[in-house]
1. In this structure, does residue 546 turn out to be of a type in the set (Gly, Ala, Ser), surrounded by fewer than 16 Cβ atoms within 10 Å (Cβ to Cβ) and modelled with pLDDT of 70 or more?
2. For the range 289-318, what are the residues that are of a type outside the set (A, V, I, L, M) and within 23 Å of residue 166 (Cα to Cα)?
3. Scan the range 161-177 and tell me whether some residue there is open to solvent by 40 Å² or more (accessible area, probe 1.4 Å) and within 28 Å of residue 279 (Cβ to Cβ).
4. Looking at the range 298-319 only, could you name the residues that are open to solvent by 60 Å² or more (accessible area, probe 1.4 Å) and without any contact (Cβ under 8 Å) to a residue 24 or more places away in the chain?
5. So which of 263, 293, 289, 303 ends up being within 22 Å of residue 485 (Cα to Cα), among the hydrophobic types (A, V, I, L, M, F, W, C) and assigned to a loop (DSSP other than H, G, I, E, B)?
6. Just give me the residues in the range 658-675 being of a type outside the set (A, V, I, L, M), closer than 30 Å to residue 242 by Cβ and surrounded by 12 or more Cβ atoms within 10 Å (Cβ to Cβ), in sequence order.
7. Quick one: which of 561, 567, 555 is of a type outside the set (A, V, I, L, M, F, W, C), outside any loop (DSSP other than H, G, I, E, B) and modelled with pLDDT under 75?
8. If you go through the range 192-214 one residue at a time, do you hit one that is under 22 Å from residue 279 (Cα atoms), assigned to a loop (DSSP other than H, G, I, E, B) and in contact (Cβ under 8 Å) with a residue 24 or more places away in the chain?
Amino acid sequence: MQTKNTAATSQQEQKATKERLSSLLAYVQQKSKTIKAAKEVAAAAAKATATTATTATAAAKATAESAEVSAATVTAAKEATQAEVRKAPSSSSKSKGKDKSITKTRLPDYHFNADKQLAPLEITLRPEIEVRPYQTEALKAIVHQEDPDPQHHTASSGIIVLPCGAGKSLTSILVASAIRKPVLVVCSTIIAAEQFCNEFLRFTTLLASKTGMFAGAKKWPFNGPSGVLFTTYTMLVENRNRTSDSRRMSTFIENTAWGVIILDEVHQVPAHNYSIAICKLKAQVRLGLTATLLREDEKIGDLNTIVGPTLYHAKWKELADRGYIAKVICTQVEMSMPFTFQEAYDQMKPSSSMLGHSHHIKSLLAILNPTKMQICQRLVQFHEAKGDKVLVFCDHIDAIKLYAEKLNCPLIHGATPTDEARQLLQRFQIEVPKESPTATWAEKAAQRAQRTKQINTLFLSRIGDTSLDLPAATVIIQVSSHFGSRRQEAQRLGRILRAKKRSEKGFYSRFYTLVTTNTHEVNFSEKRRQFLEEDCGYGYQLWLVGKETEEGGWDISQNTDASGPEDDEVRLDPLTCHVKSLEERPYASIQEQKKLVAFLHSLKNIQVEDMEEVPAKESEVVGTKRKRGETITCKRRNNGRNKHGRGHVNFVRCINCSKCCPKDKAIKRFTIRNMVEAAAVRDLQEASIYEEYTIPKLYVKLHYCISCAIHARVVRVRSVKDRKNRAPPQRFRFQKTA
C-alpha cells in the first residue's frame, strides 16, 4: 500500500512540473515578439529624430511652462485640502468624545391637538385670574387658534419681550395651558425656579404631584407620564463630577419628549454650553422670555436659530403710562473724590487690560469713594424714613462687604447659602402698617414682632440682577456696575417696576446711579444709559454734588434738561435736607481715608493676578502654593494620601455617589442612630416588661469621597494656614445638671 501511494504522488509532481514549464515557454515567446516589435519601432523613431529636432525645442519650452502651471495648481490644491482637513473634525476625536457641534435649527410649527404621541397635561387657568390685554396679544402671537378645526391649531417657537414685572411668567403659563403637553421650565437661578413653580401652582389647577424640580439639592421628577419640570441652565450643562441623582435626572430630561420648553432670561442661551444643552433636548416648541434682548458680545442674533424670532415686543413706557408697571425717575448723582483718594487714583499706572491689577485698584477707589458712601448712607436714611424699601447694588464683593458693614445692613452675594438668602428676601417683603390708636394690645404686639423681623434695606451683588420677584422694593441705589453693560442697567431697573404702590397717584419708584467724576465710571454710565433712554424712553436727571452745607447736606446743581415730573414730591430733598441720625458718616476723617487706601492697595485681584509675581522655578517645587495665574494645579507633598509606607490600601465606596476611593483618602464619619423613631421610644419603654430597658442603637461608619464631602458640607474648605493644623476639632460636651 505504501509503494502505491508513493508512485501516485510522484506522477502528480511530474504533471505539475510539465505544466509550469509549458507556461514559462509561452511567456518567453510572447516577450520575444514584443522585443522585436520594439526594435522596429525604435529604428523608425531614430530615422524621424533628425526631422523633428527643431520641433522638439519648442515642445520642450511648452512642456516647461505647462509643468510650472501644473505645479502651481497642485500646491494650491494641497493647501485647499489641508485647510479643509483642519476645518473638518477628525474621526478619532469623534470616537474619543461626543461631538459638541450640534445643529441649531429653528423648530417648525407644532400641531399640538393632532399630536397623540405626547401625553396630555391636565392644566387649566384658574377662573379668578385676570389676564391683561397685552398678555392675550402675546398668547395669540405664539398659539394660533383662529381655525375652527382644533386639529389645525398650531404653536410657533419664538421670543416674548416684556418689561420686568409685566407678567412674563403668566404669559408663559397661558401658552402652557393652551398647548397642554409636558413642560420644561429653565431658569437662571434656584430661587427663580422655585418662584416659577409657585406661579404655576397659584395661577393654574396643576397638582403639586405633577411638578418636578432639578435645581440645587432638590432633585425629583414629576409623577405620571406628563407634568412640569423646573430646572436651571447650569444643571443642564454636562458635568463629569455629578452625583447619581443628578445623572438620573439629566437622563430623564434628555429622554423625555417635551411639548414646550420655557426659557426664562433667554438672553443667556447664546452662551456656548447653554446653547448646546438646549439644542440636545427633544422639544416641539421653544418659548423664550426676556426683558432685555441685549448682549454685549453681539451673540443675540443666534437666538433666531436656537429659539426663534421675536414674536411680541411691548414698550416699557407704554405699559408704565397704562399703569401696568411703576413709573420710575432715574437720577445720576455725580460726585468728586477727596484729595487722598484722587491722589492715589492718579498715581496708579494704566493697565493693558480691564482685568489688570491697576484697573482693579482704580475701580475699588472709585467705588469706595468716601463721598459716594456718605451719599449712599444719606439716601438710605431718607427713603427709610419715608417708609420705602431700598435695594443697593454693587458688583465688587470686597466693596459691598464694606458698604454693608458701615451701613449696618444685610447682604446677599454668591457665597450666601440659599436658605439664608431666601430668609432675607422673605424678611425684606414684610410690610408693617402704622399703629392705629384703636388697635388692641395683641395687634400692637404682633406688629412689633413683625417690625423686628422686617428689613428695609438690602445689599445685593450681581446675583440679584435677574429673576427676583420683590414687589415691596421701591428704591434702587447702584453703587457700581459691570463695566458698560446696558442689559444689567435695565435688569436692575426692573426690580422696582412691580412695586405694589404703582397705582397710587403721584407715586414714583426711584433709581439712583452713583458715579465718581474724573474716573472710568463716567464713560461706562453713558453707555449703560443708552438702552433706557433710546429704547425704553426713560430720561435721566443729573445731580452734581458740590460742597457740604452747614445743615449737614450738600449743594446740588441739577441739570434742567432732564428735570423731574411736576408731581414729584422728593425733588432734591434726599441730599439737601438734614436727616437726624445717630450714625456717623463713614470715613469722614483723613486718617480713616488713608487707612482705607492702604487696605485697598493690599487687596489682590481675584479675577486676574500678574504673572510677574510668580517665580520661574516655583512650579518645580513640590508641595508649594502656586499663584492663580498658574495653569498646573497645586499638589500636596503626600498627594492627599495618608499611607505612611503601608503599601496597598483597600478601596471603599462613597455612600453618596458610589465612587471608588482609597480608604485612607476617604472622609470618614462615625454616627450613632436610633433603631426606631424618637416618637416610638417612649411607647416601647412603657410596653417593655423591664423597668429600665435601653433600646439598642445603630453604629454606622460613613465614607465620603472628597467632592461629596465638600458639597454636603461634611468638611469645609480651609485656608492654607489652617490646612496645616492636623489637630482634631474641639469637641464640646454638655453635662446634665441635677
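1. Against the criterion (of a type in the set (Gly, Ala, Ser), surrounded by fewer than 16 Cβ atoms within 10 Å (Cβ to Cβ) and modelled with pLDDT of 70 or more), residue 546 qualifies.
2. 290, 292, 295, 308, 309, 310, 312, 313, 315, 316, 317, 318 - these are the residues of the range 289-318 that are of a type outside the set (A, V, I, L, M) and within 23 Å of residue 166 (Cα to Cα).
3. Checked the range 161-177: no residue is open to solvent by 40 Å² or more (accessible area, probe 1.4 Å) and within 28 Å of residue 279 (Cβ to Cβ).
4. 298, 318, listed by residue number.
5. On the way: 263 fails: assigned to a loop (DSSP other than H, G, I, E, B); 289 fails: assigned to a loop (DSSP other than H, G, I, E, B); 303 fails: assigned to a loop (DSSP other than H, G, I, E, B).
Only one candidate qualifies: 293.
6. Within the range 658-675, 659, 661, 662, 663, 664, 665, 668, 669 qualify.
7. 561
8. No.
The values are calculated or read from the model by the stated rules, or taken from the named source; none is laboratory data. Everything quoted here is computed from the prediction, not taken from an experiment. Note that we place each Cβ from the backbone using ideal geometry, even for glycine, and neighbour counts take in every protein chain shown. Note: areas computed on protein heavy atoms with side chains; ligands, DNA, RNA excluded. Shrake-Rupley method; radii C 1.70, N 1.55, O 1.52, S 1.80 Å.
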